Each structure stands twice: as C-alpha cells, then as structure tokens.
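Engineer: I have a structure here, written as structure tokens, and I will follow up with some questions on it.
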Amino acid sequence: RAADSFSLSSDASIAGVIFWGREVTGGSFEVTIYNNNAAPDPDQPGTALKSEPISVSSMIVSDSGLVDEFPSAIYKYQADFVTPINLSDSTPYWFGVTYQGGVWRWYKSVESGTHALRREDTGFWGAEFPGDMAFQLSDTRVTPEPGSIAVLSLAAVGLAFGAWRRRKKQKSVTD
C-alpha cells in the first residue's frame, strides 16, 4: 500500500478521483482517504475516513501517452465514489490506492515531496519515501452518468436525422 499527503485550500465534497499507474486488465482498486489526526507519526496516514473498492471495469481507463523508464505505458484511471466525502480546508489528509488483483505500480508525479508505504506483514506505515504520487481529487463526478450519455446519444441521433432530411430535401429540389 502507498499513500500520499494532501490538504485542500477550501472545503470540498470529493466525488471523483484520477490517478496514474501501470495497466491492469481486471480486478479492483481500493481507494482510501485517511485523516492525519490519529497517526502516531504526523508524517504518516491515520484512521481511514473512507475506503471504497472500485472495479477496473467501472472506471474510465486510458493510455496517458506517457511511458516509464522500462518503457511501459502509463495509464490514467478515473472513477467516482458511490457517495462523496466532505473534507475541510487546511486539514492534513492522506490519499491511498491499492490494487486488489496483484502487483501494480502507482506512479509519482514529481520527485520532490514524500509519500508513505505500508508493510502488509506488520500493518505499519514505513518511513517517508521520496516523490509525490500522481493523483487528483475532484468535487465533480469524473465519469459521465448513464442519463447524460443517453441525452448526448439522443442529441447525436437528432442531428444526424436533421442532416439526412436536409440532404434529401436538397436532392429532391435539384431533381
């Protein structure tokens, strides 16, 4: 498990998440937001405020166009929380991602900053490691709702039908 610290500049209701890592073809991720209050060390995650499993099949997964040093493609994962979580400004939090389907690599956004790793055999968070992990939290949904997709599809059909009628009408006028 890995987690990275963050704080918000204003109160927000977090509804979606985006993170970058190696490609996976199935399984699920566990996405967790921790507070920092109960941590024995202020530089490590405390109590989990929200932990949600998200299946890869329910996410928007796309090739970011970036490659790592191996060179393997880096993928962008986008998902929504079932229920948003309200977070306060200027409060230290931690964001963590764990892949439930085996080995997976979460990428760093920059080499500066630090993140923590949790040892599964002991359950304790390890010392700070170099680099900030690549993630974004969103106060809006990051995947379109099915109703929105249906409305957009209906609009596209309407536009195509209108174009077909105009062409048909123009053809009959010229004949």
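The values are calculated or read from the model by the stated rules, or taken from the named source; none is laboratory data. Owing to the predicted nature of the structure, the values given are computational and were not obtained by experimental measurement. Because the Cβ atoms are built from the backbone with ideal geometry, glycine has one as well, and the counts that use them run over all protein chains shown. Surface areas here come from the heavy atoms of the whole protein model, side chains and all, with no ligands, DNA or RNA. Shrake-Rupley method; radii C 1.70, N 1.55, O 1.52, S 1.80 Å.
Engineer: Confirm whether ASN86 is touching a Ser or Thr at 6+ places or on another chain (Cβ under 9 Å), within 26 Å of TRP125 (Cβ to Cβ), open to solvent by 70 Å² or more (accessible area, probe 1.4 Å) and in a loop (DSSP other than H, G, I, E, B).
Structural biologist: Values: touching a Ser or Thr at 6+ places or on another chain (Cβ under 9 Å): yes; within 26 Å of TRP125 (Cβ to Cβ): yes; open to solvent by 70 Å² or more (accessible area, probe 1.4 Å): yes; in a loop (DSSP other than H, G, I, E, B): no.
It is false that ASN86 is touching a Ser or Thr at 6+ places or on another chain (Cβ under 9 Å), within 26 Å of TRP125 (Cβ to Cβ), open to solvent by 70 Å² or more (accessible area, probe 1.4 Å) and in a loop (DSSP other than H, G, I, E, B).
Engineer: Okay, next question. Are there any pairs, at least 6 apart or on different chains, whose C-beta atoms fall under 7 Å, with the first in segment 68-79 and touching a residue at least 24 places away in the same chain (Cβ under 8 Å) and part of a strand (DSSP E or B) and the second open to solvent by less than 40 Å² (accessible area, probe 1.4 Å) and aromatic (Phe, Trp, Tyr), and if so, which?
Structural biologist: Close Cβ pairs (under 7 Å, with a partner that is open to solvent by less than 40 Å² (accessible area, probe 1.4 Å) and aromatic (Phe, Trp, Tyr)) amount to ILE74/TYR107; TYR77/PHE19.
Engineer: Select the strands (runs of 3 or more DSSP E) contained entirely in segment 1-59, then report the ones holding at least 2 residues which are open to solvent by less than 20 Å² (accessible area, probe 1.4 Å) and among the β-branched types (Val, Ile, Thr). Reasoning before the result, please.
Structural biologist: Working: elements: 2-6, 12-21, 28-35, 48-55.
Output list reads 12-21, 28-35.
Engineer: Kindly establish whether GLY96 is in contact with a Phe, Trp or Tyr (Cβ under 9 Å, 6 or more places away or on another chain) and farther than 18 Å from PHE135 by Cα.
Structural biologist: Numbers: in contact with a Phe, Trp or Tyr (Cβ under 9 Å, 6 or more places away or on another chain): yes; farther than 18 Å from PHE135 by Cα: no.
No.
Engineer: Follow-up question, since we're still on this one. Quick one: is THR122 of a type in the set (Val, Ile, Thr), modelled with pLDDT of 85 or more, open to solvent by 30 Å² or more (accessible area, probe 1.4 Å) and under 23 Å from PRO53 (Cα atoms)? Steps first, please.
Structural biologist: On the way: of a type in the set (Val, Ile, Thr): yes; modelled with pLDDT of 85 or more: no; open to solvent by 30 Å² or more (accessible area, probe 1.4 Å): yes; under 23 Å from PRO53 (Cα atoms): yes.
Criteria not met by THR122.
Engineer: Pairs please, first residue from segment 95-116 and closer than 13 Å to SER5 by Cα and modelled with pLDDT of 80 or more, second anywhere and open to solvent by 40 Å² or more (accessible area, probe 1.4 Å) and not charged (D, E, K, R), Cβ atoms under 6 Å, 6+ apart in sequence or on different chains.
Structural biologist: So the pair list comes out as PHE95/PHE135.
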